[in-house]
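What follows is one structure encoded as structure tokens, with my remarks underneath.
Just so it is clear, none of the values below were taken in a lab; they were calculated from the coordinates. Model, not experiment: these values are computed from the prediction. Positions of Cβ are generated from backbone atoms using ideal geometry, with glycine treated the same way; all protein chains shown enter the neighbour counts.
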Amino acid sequence: MSNRIDRRRFLLGAGGAALALPMLEAFAPRKSFAGGATAPKRVIFVQHMHGRPLNPQNNKDNWSPAAAGALPTTISPALAALAPIRDKIVTIDGIDNLVRHATGDVGGHGSASTTSMTCAVPIVNGTDNESATAASIDYEVGKRIRASDSMPASIVFPAQLAGPEWRYNGYSFFGPNGAPPYIANSRPELAVEELFGSVQDPELPPAAPTLRDRLIGRRKDILSSVAKDFSSLRKKLNAADRDRLDKHAAFIEAMKNASTGPTLPTDGCNVPDVTMFPDYAEDNPRGESDAITTPLQIENVVQMLACDIARVGVLHFHANNDPLFPSEFPDPSPALLNGNWHALIHETWAASDPNANTLTQAFQYFGKSFTQLVQRLGEIDDLDGQKMLDNTLIVWVSDMGYGSGHYDYDVPVVLAGMPSAFAGGQGRHVVANRRTLGDLYAQVLRMVGESDTTFGATGTLGDIALSSDLVAWSGVDISASSQLHRGAIDL
């Protein structure tokens, strides 16, 4: 009878507790093993609205690089701001949101938004606010890679302040069965207090528990929950493994006493100092303060991961905030002042349009924010001695392909971070042979260690269509027999 011990089976037998056992000789396929601390995998989703800045119907696409292969020095007019991180990204063409074509597209935007991250047919209410029926990909990934059930699966960070005329509600992001997501405050300093807490005046009543407080309060005593299994395992080990296990038990106990529970914060975990935040107006109806607040929210996302509050985050740019793109237009563009981002996209159909340059220049705001996020993750040391960027996958998508006509083919996609997940390397442009968002998100799950081959609705468009008439204003031929999953993407 073999004395081999199945590590996964032991962990499952321990009631799912996050014991995070060290690698023991009894678990190893060989007699010797060398390794250091293991850093958790993390994922950040970035989403902007309305897809690519121009419709290719009349002129060339300003988003896409010229051809598949190594990214040029100037990636493209719309992605020029990504030049500093060119060797750390992969851009992708040929990704379609086929599920959206089965919705009837009642309101034009609601179905695109609701399906863009869920890949599931929503409940159509007859207006533009279709209701999600499934969790979005950020929640699903987070549920798989979080430290324990007490850790939020995903936290959505609005990249812009919510103006008084509308309330940010997540739009594309959902919890189980389409439930609302966990949303951080759109004001960065209030998001800091919600997630990390603040110094309390002893003369004042206690503040409401922060997310960190609630996580600590729900923490279980890890060693107690697995004591029986731990003792049984220890008896089967050789002296060297028993020593390793005893040292690991001491580490777990110290971690528990330090009130960090099963989480694994990095040394770079630092609560953002809100006293150092610059002044900005609370009232932000046209996005005047976005150049100030977006970088602060980016730091909040990074520190949420560094402190292991959650392992999946979302940075969401929503066009209903009607931004003026102050980082790109210190003197606001007349086109943006007299209209709005949404209307400008609908009205601009060709590269020769006078507003095309305005749209492309505004797009640099998204690119600069994405670049800042990638560079910041590349500055923080991770638990395994690498940088956090090496263990964090960043996925930038949109709710549409070309917002000018509500088209949902060629959804813009940029991936960054986690270089080990890219067999073909980074710094290149990939042209997929008509893959779907379901294919992309299944691949994201595989990139963090899962085995999924599908995500969201499966089968064909005919299997899920809400009516016999498919919405077919796509640049790609579709029919009831169109497959919702078409295979892996060459990464």
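Couple of notes before you dig in:
- Peptide packing: for 334-340, 437-443, 62-68, the average count of neighbouring Cβ atoms within 10 Å per residue gives the ranking 437-443, 62-68, 334-340, highest mean first.
- Ranked E347, E193, criterion: other C-beta atoms within 10 Å, fewest first: E347, E193
- Under the Karplus curve 6.51 cos²θ - 1.76 cosθ + 1.60, θ = phi - 60°, whole-Hz ³J(HN,Hα) for the range 298-308, x wherever Gly or Pro sits: 4, 5, 4, 4, 4, 6, 4, 6, 4, 8, 6
- Sequence ranges 404-410, 456-462, 357-363, ranked by mean other-Cβ count within 10 angstrom, highest first: 404-410, 357-363, 456-462
- Among the listed pairs K41/K368; K41/K387; K143/K387, a Cα-Cα separation exceeding 19 Å is found for K41/K368; K143/K387.
- Dipole size of the range 270-409 about its Cα centre, with +1 on Lys/Arg Cβ and -1 on Asp/Glu Cβ: approximately 260 debye, rounded to the nearest 20.
- Placing +1 on each Lys and Arg Cβ and -1 on each Asp and Glu Cβ, with no other charges, gives the range 333-433 a dipole about its Cα centre of roughly 180 debye.
- Per-residue Karplus couplings for the range 309-317, computed as 6.51 cos²θ - 1.76 cosθ + 1.60 with θ equal to phi - 60°, are listed in order as 6, 8, 10, 10, x, 10, 10, 10, 9 Hz, Gly and Pro entered as x.
- Rounded to the nearest 20 debye, the dipole magnitude of the range 385-442 is 200 debye, with +1 charges on Lys and Arg beta carbons, -1 on Asp and Glu beta carbons, and the Cα centre as origin.
- For T436, distant residues with modelled amide H under 5 Å away: D96, R486
- Normalised by 2.2 N^0.38 Å, where N counts its residues, the alpha-carbon radius of gyration of the range 41-152 equals 1.31.
- Treating r as the C-beta distance of F277 and L337 and R0 as 35 Å, the FRET efficiency rounds to 0.85.
- Cβ crowding within 10 Å averaged over residues, with 285-295, 376-386 ranked highest first: 285-295, 376-386
- Residue-wise HN-Hα coupling along the range 139-144, computed from phi with Karplus coefficients 6.51, -1.76, 1.60 (Hz; x: Gly, Pro): 5, 5, 5, x, 5, 7
- Here's how it looks for V46: its modeled amide H is under 5 Å from those of L315, V395, W396, V397, which are all 5 or more places away or on a different chain.
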